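Take a look at the structure set out below.
The values are calculated or read from the model by the stated rules, or taken from the named source; none is laboratory data. Keep in mind that this is a model prediction, so the values were computed, not measured. Every residue, glycine as well, gets a Cβ built from its backbone with ideal geometry; the counts of neighbours run over all protein chains shown. Note: areas computed on protein heavy atoms with side chains; ligands, DNA, RNA excluded. Shrake-Rupley method; radii C 1.70, N 1.55, O 1.52, S 1.80 Å.
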Amino acid sequence: MKSDITYPLNIGPVHPAFKEPIKFTFRIEGEKVVGADIDFGYTHRAIERIAQERNYIQIIYLLERVCGICSFSHPMAYCLAMEDVAGIEVPPRARYIRTIVGELERLHSHLLWTGVAAHEIGFDTLFMYTWNIREKVLDCLEELTGNRINYAMLTIGGVRRDITAENAETIHQILEYYGELYNRASEILLDDLTLRARTEGVGILTMEQAERLCAVGPTARGSGLMKDVRVDYPVNAYYEIPWLRPVSPRDIGKEPIGDVYDRMAVRVLEIQQAIQIIQFCMENIPEGNINTGGGAVKMINSLKKLEGEGVGRYEAPRGEVCHYVILDNQEHPVQIKVKAPTYSNGFTWAPMLTNIEIADIPIVIASIDPCVACADRMTYIQSDGSCASISWEELRAKSIQKYKGVRKRWMK
Amino acid sequence: MKTEPLITVLQDKLGNHIQASREKITEYGSGINRITLWVSIDRESFHSAVGILNTMGRLHISTPMPYKEYEDRIELIYPFALKMTDTKFSEIMVIISVDIPKDDLKIRTITDIVPGTLFMERETMEMIGVEIEDIPDPRRLFTGNYLPEGVYPLRNSKHKESTQ
């Protein structure tokens, strides 16, 4: 219920780094969660409405602000939708550059997530380790695009910047760096006993639930649902990679049950896959133009004569991003609908959070890699029906307390 | 038409309730195509059509529903992704549009077929003002109760009225 809200809906780009804070309401019996409810909307910025007032090129940069971490994925889906409606053929070199930057984004996003997940269970050494090694890929993105996030790399019909010989050298260096680190990092993330103790059998989402609830990305694949836009639908240069397929916990010899460990395993495996995809693209990138040419004004002038609808789908690090545009002979779209992965995966929280302990709430919430800002308060309903509040710090303290107990038990 | 088998099944079961259909194919070589099928269905048969699609493969909804507003009706658009085979790049977009008269802005929920549409239906109710009949959770998704009744933030005409 929102009747106790005393502040108005945020309209306008008030917080460009995250899409939305979020409120969870749990029903608790003892230490067990027996029900969960999710309340969105605390920082809805009406980006879709704002887009109706911007021209087609301005919208690219507006959509980068849907999400800081996925700041390549949203404009990518939008550009694909606009190219779909206008019938624009993207030059092959641009498709490869898009794939490379997209996979660099996946690399930094998954490393960020592993740090967040480690932090949520009190394993701060791992948090520092993963965020430290993530700096290399951010430096690389900064060299390629000029920014660590919000890259402004895309345009309708291609990309805005080429990969120079100097950039290529940097990319080869980071591939070598991550290639060498991968075995050590994956050993910690997949085999560490305390990490396994906190993630195995926790926050289960079955394959049937994932399918019915339209889960996407590593959340779906962790449940064994082999769903990946890069493989299901021809996008950028992915369809030219013959060995590409969705990863699964089966790749490490484990039948997926849809717990936190399986979702983590998918992301760890996708770090390796991202390195391999970038390697493939660097070896096979063709020469040629990087966009259709003509500049922004010419593009806007041609698009404003169009009428029709287009769909753009892209596999962001967190899952499917989809944009739907409707054009009607105007300088701006009549409508644009944006779907972020958390919109799909948020619905899967309810089954995941049911029948877990309070101390596991942080890691289960984090396990879908949510795009959520300022989730700093929760309300839980005790079994006697009374309500109480618990701060995020208190919740983390509970989690760390449990982690210490688990460590003692497993290290005996 | 690459989507002819799909259209044939829908036509066999729903007859002339399918008002129009068209497909768009973008070819990428080596037999890889991006296929989009647009189907217009009347409101009474919409629920059955989604049920039929759900039996034909893995049905997934890709975005919250966009819409087009006309003088007397709203065209609500459901963008589905349908995967009928396990082969790579075989997922097709099936875009179903349904006309809803403005004097009776209602449509039946499809959460009984695709439960993952619940958030999208809740958003459609609050942002566009189309009532979703039999929806299991009719609460607003993004906006608070402070928003006056009858104001739908993403309805262009309503938005203009509210800002005036």
(request) Please enumerate the residues belonging to the range A:98-113 that are surrounded by fewer than 24 Cβ atoms within 10 Å (Cβ to Cβ) and among the polar types (S, T, N, Q). (result) A:Thr99
(request) Please enumerate the residues belonging to the range A:139-181 that are free of Cβ contacts under 8 Å to residues at least 40 places away in the same chain, among the small types (Gly, Ala, Ser) and either open to solvent by less than 10 Å² (accessible area, probe 1.4 Å) or within 26 Å of A:Ala118 (Cβ to Cβ) (or both). (result) none
(message) Checking A:Arg184 against (1) assigned to a helix (DSSP H, G or I); (2) touching a residue at least 12 places away in the same chain (Cβ under 8 Å); (3) of a type in the set (Lys, Arg): exactly one of these is not met. Which one?
(response) (2)
(message) What's the total number of residues in the range B:47-83 that are of a type outside the set (Asp, Glu), closer than 23 Å to A:Gly312 by Cα, under 11 Å from the mean Cα position of the chain (by Cα) and open to solvent by 20 Å² or more (accessible area, probe 1.4 Å)?
(response) 0
(message) I'm told A:Asp162 meets every condition in (1) assigned to a helix (DSSP H, G or I); (2) at pLDDT 95 or above except one. Can you identify the failing condition by its number?
(response) (1)
(request) Please verify whether the range A:363-377 includes one or more residues that are in contact with an Asp or Glu (Cβ under 6 Å, 6 or more places away or on another chain), of a type in the set (Gly, Ala, Ser), crowded, with 23+ Cβ neighbours inside 10 Å and not in a loop (DSSP other than H, G, I, E, B). (result) no
(message) Please go through (1) in contact (Cβ under 8 Å) with a residue 60 or more places away in the chain; (2) surrounded by fewer than 20 Cβ atoms within 10 Å (Cβ to Cβ); (3) under 16 Å from A:Glu103 (Cα atoms) for A:Asp228 and return the number of the only condition it doesn't satisfy.
(response) (2)
(message) Regarding the range B:150-160, can at least one residue be identified that is at pLDDT 95 or above, surrounded by 15 or more Cβ atoms within 10 Å (Cβ to Cβ) and not in a loop (DSSP other than H, G, I, E, B)?
(response) no
(message) With the requirement that a residue be open to solvent by 10 Å² or more (accessible area, probe 1.4 Å), out of contact with any Gly (no Cβ under 8 Å at 6 or more places or on another chain) and assigned to a helix (DSSP H, G or I), what does the range A:56-95 give you?
(response) A:Ile57, A:Gln58, A:Tyr61, A:Leu62, A:Arg65, A:Arg95
(request) Select from the range A:41-56 the residues that are farther than 18 Å from B:Met65 by Cα and either facing chain B (nearest Cβ under 7 Å) or at pLDDT 85 or above (or both) and list them in ascending order. (result) A:Glu53, A:Arg54, A:Asn55, A:Tyr56
(request) Within the range A:206-218, track down each residue that is farther than 8 Å from A:Gly319 by Cα and either without any contact (Cβ under 8 Å) to a residue 40 or more places away in the chain or within 12 Å of another protein chain (Cβ to nearest Cβ) (or both). (result) A:Met207, A:Glu208, A:Gln209, A:Ala210, A:Glu211, A:Arg212, A:Leu213, A:Cys214, A:Ala215
(message) Given the condition in contact with a strand residue (DSSP E or B) (Cβ under 8 Å, 6 or more places away or on another chain), modelled with pLDDT of 95 or more and aromatic (Phe, Trp, Tyr), answer yes or no: does some residue in the range B:18-35 qualify?
(response) no
(message) Could you list, ordered by first residue, the pairs with Cβ atoms under 8 Å in which the first is in the range B:1-27 and more than 11 Å from B:Ile52 (Cβ to Cβ) and the second is basic (Lys, Arg) and outside any loop (DSSP other than H, G, I, E, B), at least 6 apart or interchain?
(response) B:Ile25/B:Arg34; B:Thr26/B:Arg34
(request) Could you run through the range A:120-138 and say how many residues are assigned to a helix (DSSP H, G or I), in contact (Cβ under 8 Å) with a residue 24 or more places away in the chain and not β-branched (Val, Ile, Thr)? (result) 6
(message) Of all residues being more than 11 Å from every other protein chain (Cβ to nearest Cβ) and over 28 Å from B:Gly51 (Cβ atoms) in the range B:115-149, which is least open to solvent (accessible area, probe 1.4 Å)? Just the residue, please.
(response) B:Pro148
(request) Take B:Ile35 and decide whether it is under 24 Å from A:Pro246 (Cβ atoms) and in contact (Cβ under 8 Å) with a residue 12 or more places away in the chain. (result) yes
(message) Take residues that are within 18 Å of the chain's Cα centre (by Cα) and tell me which of the helices (runs of 4 or more DSSP H) falling wholly in the range A:192-276 contain 1 or more.
(response) A:207-212, A:217-222, A:229-232
(request) Please go through the range B:62-87 and pick out each residue that is more than 17 Å from B:Arg34 (Cα to Cα), within 8 Å of chain A (Cβ to nearest Cβ) and among the aliphatic types (A, V, I, L, M). (result) B:Met65, B:Ile77
(request) Would you mind stating whether A:Gly346 is modelled with pLDDT under 90 and more than 13 Å from A:Ala86 (Cα to Cα)? (result) yes
(message) Can you say whether A:Ile290 is farther than 30 Å from A:Phe24 by Cβ, within 11 Å of another protein chain (Cβ to nearest Cβ) and among the aliphatic types (A, V, I, L, M), as far as the supplied structure shows?
(response) no
(request) Go through the range B:20-46 residue by residue and tally those that are open to solvent by 30 Å² or more (accessible area, probe 1.4 Å) and either aliphatic (A, V, I, L, M) or over 15 Å from the mean Cα position of the chain (by Cα) (or both). (result) 11
(request) Kindly establish whether B:Ser90 is open to solvent by less than 10 Å² (accessible area, probe 1.4 Å), more than 17 Å from B:Asp12 (Cβ to Cβ) and within 11 Å of another protein chain (Cβ to nearest Cβ). (result) no
(message) Looking for something touching a helix residue (DSSP H, G or I) at 6+ places or on another chain (Cβ under 7 Å), more than 30 Å from A:Leu112 (Cβ to Cβ) and outside any helix (DSSP H, G or I) - is there at least one such residue anywhere in the range A:300-308?
(response) yes
